[in-house]
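See structure below.
The values are calculated or read from the model by the stated rules, or taken from the named source; none is laboratory data. Note that the structure is a prediction, hence the values are computed from the model and not measured. Because the Cβ atoms are built from the backbone with ideal geometry, glycine has one as well, and the counts that use them run over all protein chains shown. These area figures cover heavy atoms from the full protein model, side chains too; ligands, DNA and RNA do not enter into them. Shrake-Rupley method; radii C 1.70, N 1.55, O 1.52, S 1.80 Å.
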Amino acid sequence: LAHNALNRFFAQLIRKKRINARNKIIKKADAITTVSPWHQEYIRQLNNNVHLIYNGYANDMFCPAAIKSETFDIIYAGRLLDPQTQNPILLFQAIEELQLEKIRLVWYVDAISKEIIEKLLADYPTAKGISAIHSLVEAEQVPTLLNQSSIVLVLTNKADNNGPKGIMTTKFFEAIGVEKPILCVRSDEECLAQTIKETNAGLAATTPEEVKQFIIYHYNQWQQNSYTHINITNKEQFSRQQ
């Protein structure tokens, strides 16, 4: 225990030293760009000339296409590095209470993410039973995957002093590009949730019941059309061309 405490002390000391060094550079910069409103406000305490440029989506790649599907697929393509910052549990809890046919959870992840997902799924037999876990795909394949999806899953967690802050994942912008419903779990209750609300892009969920109703709504649309689509408000502002 004493050894662990000592390691934490030195880790905090090193982190503080690096932050101080970074802040000195930020103060000297002529101008700064950053990728989220939270970071813009934070950096503004050190340097007033800070500009927000979102990661956005490549508008020549991520374009909407009405691809019909025989199954209702909730797709996640990317990495899951830490359940403390990317937590799918609300989705699993909702799935356990749903009685829908032809619904699947489809994951395109690396080996480490697969191990984390399988461990989390162990307590949710229904979610586990409808999950299909595949390897990561090449970047040029992602637009087609997202267009084939019924819902695009974005994994986050609630922002707090000890957790993630100001994370505006590129996965969110790619889903906007293809105009697919976005399910963000768990809501960061911060800038990502606010952007989802402002753009009408989907749901940043805080309860399993919210997730259930969101899935059912878009499942009904899929039953009628064999695909889903959502109208994004002011989508163009997030294109990399813009």
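Send over the Kirkwood Rh of the chain, from the inverse of the averaged 1/r over different Cα pairs, rounded to one decimal Å.
19.3 Å
What is the log10 of I(q)/I(0) for segment 130-242, computed with the Debye formula using one identical point scatterer on each Cα and no solvent, at q = 0.18, 0.23 Å⁻¹?
At q = 0.18, 0.23 Å⁻¹ the computed log10 ratios are -0.99, -1.44.
How much area per residue is accessible in segment 1-124 when the probe is 1.4 Å and only protein heavy atoms are counted (Å²)?
65 Å²
State, in angstrom, two size descriptors of segment 31-133 derived from its alpha carbons: Rg to one decimal place and Dmax to the nearest whole number.
Rg, Dmax (Cα atoms, Å): 18.7, 54.
Taking the simple approach of a point 7 Å from Cα along Cα-to-Cβ for both residue 133 and residue 110, what is their distance in nm?
Those two pseudo-labels are separated by 1.5 nm.
Based on Cβ point charges of +1 for Lys and Arg and -1 for Asp and Glu, what charge dipole magnitude is obtained for segment 1-95 about its Cα centre, in debye rounded to the nearest 20?
Magnitude of the dipole: close to 900 debye.
Work out how much length residue 71 to residue 53 would gain on full extension: take 0.36 nm times their residue separation and subtract the Cα-Cα distance, in nm to one decimal.
This chain segment gains 2.8 nm when fully extended.
Give the range of the longest stretch in the chain that excludes all GluC sites (Glu not before Pro) found in loop regions by DSSP and having at most 13 other beta-carbon atoms within 10 Å.
It runs 139-242.
Provide the convex hull volume over Cα atoms per residue for segment 98-185, in Å³.
Considering the Cα atoms of segment 98-185, their hull volume per residue is 127 Å³.
Per DSSP H run of at least 4 residues, take -39500 (n - 2.57); add these up for the chain, divide by its residues and hand me the 222 nm value, nearest 500 deg cm²/dmol.
Rounded to the nearest 500, it is -13000 deg cm²/dmol.
Grab the Cα-Cα distance for residue 217 and residue 33, subtract it from 0.36 nm times how many residues apart they are, and report the gain in nm with one decimal.
This chain segment gains 62.4 nm when fully extended.
Carbon-plus-sulfur fraction of the accessible area of the chain, 1.4 Å probe, in percent?
Using a 1.4 Å probe with all protein chains present, the chain comes out at 48 percent carbon and sulfur.
With the crude spin-label approximation of a point 7 Å out along Cα→Cβ, what separation in nm comes out for residue 161 versus residue 237?
That separation, rounded to one decimal, is 3.2 nm.
Could you tell me which of 136, 7, 93 has its Cα farthest along the dipole of segment 1-151 towards the positive end, charges placed at Cβ (Lys, Arg +1; Asp, Glu -1), taken about the Cα centre?
My answer, from the dipole projection, is 7.
Taking all pairs of distinct Cα atoms, average 1/r, flip it, and tell me the Kirkwood hydrodynamic radius of segment 185-242 in Å to one decimal place.
It works out to 12.8 Å.
Between residue 89 and residue 26, what FRET efficiency comes out of the Förster formula 1/(1 + (r/R0)^6) with R0 = 25 Å and r the beta carbon distance, rounded to 0.05?
It comes out at approximately 0.10.
Just to confirm a number: summing +1 for Lys and Arg and -1 for Asp and Glu over residues other than residue 66 whose beta-carbon lies under 14 angstrom from that of residue 66, what do you get?
Surrounding charge for residue 66 is +1.
Could you give the angle, 0 to 90 degrees to the nearest 10, between helix 2-28's Cα long axis and the longest principal axis of the Cα atoms of the chain?
Around 80 degrees separate the two axes.
By a straight-distance test (C-alpha under 25 Å), which lysines pair with residue 114 as possible cross-link partners, with residues fewer than eight away in the same chain excluded?
Cα-Cα hits under 25 Å: 102, 128, 158, 165, 171, 180, 212.
Considering only DSSP states other than H, G, I, E and B, which trypsin sites (Lys or Arg not before Pro) in segment 20-94 qualify as loop sites with at most 11 other Cβ atoms within 10 Å?
Answer by residue number: 68.
With charges set only on the Cβ (+1 for Lys and Arg, -1 for Asp and Glu), what does the dipole of the chain come to about its Cα centre, in debye to the nearest 20?
I would put it at about 1240 debye.
How much length, in nm to one decimal, is gained on full extension between residue 206 and residue 226, taken as 0.36 nm per residue of separation minus their Cα-Cα distance?
Stretched out fully, the residue 206 to residue 226 stretch lengthens by 4.4 nm.
Using the basic label-point model (7 angstrom from Cα toward the beta carbon), what is the residue 44 to residue 81 distance in nanometres?
Going by the 7 Å Cα→Cβ label model, 2.7 nm.
May I ask for the distance between the Cα centers of segment 120-149 and segment 21-89, given as a whole number of Å?
22 Å
Relative contact order for segment 136-230: what percent, with Cα pairs under 8 Å and sequence separation of 6 or more?
Dividing the mean separation by the residue count of segment 136-230 yields 29 percent.
Check each of the trypsin sites (Lys or Arg not before Pro) in segment 133-227 and keep only those in coil by DSSP with at most 16 other C-beta atoms within 10 angstrom; list them in order.
158, 165
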